[in-house]
Amino acid sequence: MRLEEIDAGDTLGHRALIGFISLVSGMRLPDAARVAFYHQEFLGGTLGGWTQATMRGPSDWRIGERELMAALVAKWNSCAFCTGAHSAIAAKDIDPSLVQAAMNDFEAADISPKLKAMLKFLQKMTREPVTLTAADARSVLQTGVTKQALEDGIAVGALFNIVTRYADALSFAMPSSEEFDKAAVMLLKRGYG
Amino acid sequence: MAASEPANHRSRADALRRRIATASALTPSELRRAALERSADGPPLVPPYDALVTQIGIAAYRVTDAQVSAVRSVLGSDKAAFEVVMSAAVGAGLMRFDRAMQAAKDASDAP
């Protein structure tokens, strides 16, 4: 972590909480959680609240599909931490071999046409946002994705284009595969709120 | 909004954008707004902010220790440097959100 105060915690209460959670969970509390505790007066609940609503609120997309979207946005942004974290969570809700196949090549993977179209849109949104047009959106809507579901997917894309950037700018420590797996169980259940 | 309602993502995005500009913060609002815009290909900032903010916008995985520590050194605290990092990250994400939502709106509005 490039900013040491985030790693340690910025208040006595946060330091104690970080230590307690690490002890109880049997693993170092991941940096994503340390950031969530840090300087809370700055963003308040605006980013965390939107993330919770997007990733765990009502949607036509199941949780695993949203986590897969997040993992692929992370891959396209070359964010190793978020790629690992969110593909691990996706694999708790969707067949792990299907998650792996989609992570390798989503266009060839045996996922639904709706999800495939949404991922194609998110890939362009991530890599070439200024080239997005109504035709790209229509390609998603024509598979039967509703307008709300398209916006839900767009929100995942926006949020993980934010999260991957601060994760890498701050240089999040990489958990082991076992730690990603343990954290995935907790995040699937508790979400981001 | 009740938890059973679908999210109003536009409202959430606008609230985040406003928060960056108006939050109780250590850095000047102008700096945070400029970082928000710069990471979305807006006007350059003065050194050392521009190198860090631009890198976050283009390819955050290439941000260096030196870029972060230069900003931290000028601002004098981890919290202030954090505010610049987050403003840049949010700017890049919200630019993509805006573009995508416009594409969605244009698709829905077309006859």
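Just so it is clear, none of the values below were taken in a lab; they were calculated from the coordinates. Keep in mind it's a predicted model, so treat the numbers as computed, not measured. Glycine gets a Cβ as well: all are built from the backbone with ideal geometry, and neighbour counts include every protein chain shown.
Within region B:79-111, track down each residue that is at the interface with another protein chain (Cβ under 7 Å from one of its Cβ atoms) and of a type in the set (Ser, Thr, Tyr).
Matches in region B:79-111: B:SER108 only.
Across region A:144-193, what is the total count of residues that are acidic (Asp, Glu) and either within 30 Å of B:VAL53 (Cα to Cα) or within 14 Å of another protein chain (Cβ to nearest Cβ) (or both)?
Let us first name the residues in region A:144-193 that are acidic (Asp, Glu), namely A:151-152, A:168, A:178-179, A:181.
Checking which are either within 30 Å of B:VAL53 (Cα to Cα) or within 14 Å of another protein chain (Cβ to nearest Cβ) (or both) leaves us with A:151-152, A:168.
Residues flagged as acidic (Asp, Glu) and either within 30 Å of B:VAL53 (Cα to Cα) or within 14 Å of another protein chain (Cβ to nearest Cβ) (or both) within region A:144-193 amount to 3.
Which one of these is more than 27 Å from A:ARG127 (Cβ to Cβ), within 7 Å of another protein chain (Cβ to nearest Cβ), without any contact (Cβ under 8 Å) to a residue 40 or more places away in the chain and of a type in the set (Ser, Thr, Tyr): B:SER24, B:SER29? Quick ask: steps written out before the conclusion?
Details: B:SER29 fails: within 7 Å of another protein chain (Cβ to nearest Cβ).
Exactly one of B:SER24, B:SER29 is more than 27 Å from A:ARG127 (Cβ to Cβ), within 7 Å of another protein chain (Cβ to nearest Cβ), without any contact (Cβ under 8 Å) to a residue 40 or more places away in the chain and of a type in the set (Ser, Thr, Tyr), namely B:SER24.
Of A:ALA135, A:ALA90, A:ALA101, which residue is in a helix (DSSP H, G or I), within 14 Å of chain B (Cβ to nearest Cβ) and without any contact (Cβ under 8 Å) to a residue 60 or more places away in the chain? Step through it out loud before you land on a result.
On the way: A:ALA90 fails: within 14 Å of chain B (Cβ to nearest Cβ); A:ALA101 fails: within 14 Å of chain B (Cβ to nearest Cβ).
Exactly one residue qualifies, and that residue is A:ALA135.
Scanning for something within 9 Å of another protein chain (Cβ to nearest Cβ) and of a type in the set (A, V, I, L, M, F, W, C), does region B:67-78 turn up at least one residue? Give the steps one after another, and end with the answer.
From region B:67-78, those within 9 Å of another protein chain (Cβ to nearest Cβ) are B:67-69, B:72, B:77-78; that's our starting set.
Checking which are of a type in the set (A, V, I, L, M, F, W, C) leaves us with B:68.
Checked region B:67-78: at least one residue is within 9 Å of another protein chain (Cβ to nearest Cβ) and of a type in the set (A, V, I, L, M, F, W, C).
Restricting to region A:44-81, name every residue that is touching a Lys or Arg at 6+ places or on another chain (Cβ under 9 Å), within 12 Å of chain B (Cβ to nearest Cβ), surrounded by fewer than 23 Cβ atoms within 10 Å (Cβ to Cβ) and not in a loop (DSSP other than H, G, I, E, B).
Listed by number, the residues that qualify are A:THR46, A:GLY49, A:ARG56, A:TRP76.
Please go through region A:1-35 and give me each residue that is surrounded by 18 or more Cβ atoms within 10 Å (Cβ to Cβ), within 14 Å of chain B (Cβ to nearest Cβ) and either of a type in the set (A, V, I, L, M, F, W, C) or in contact with a Cys (Cβ under 6 Å, 6 or more places away or on another chain) (or both), ordered by number.
Passing the criteria: A:LEU3, A:ILE6, A:ALA32, A:VAL35.
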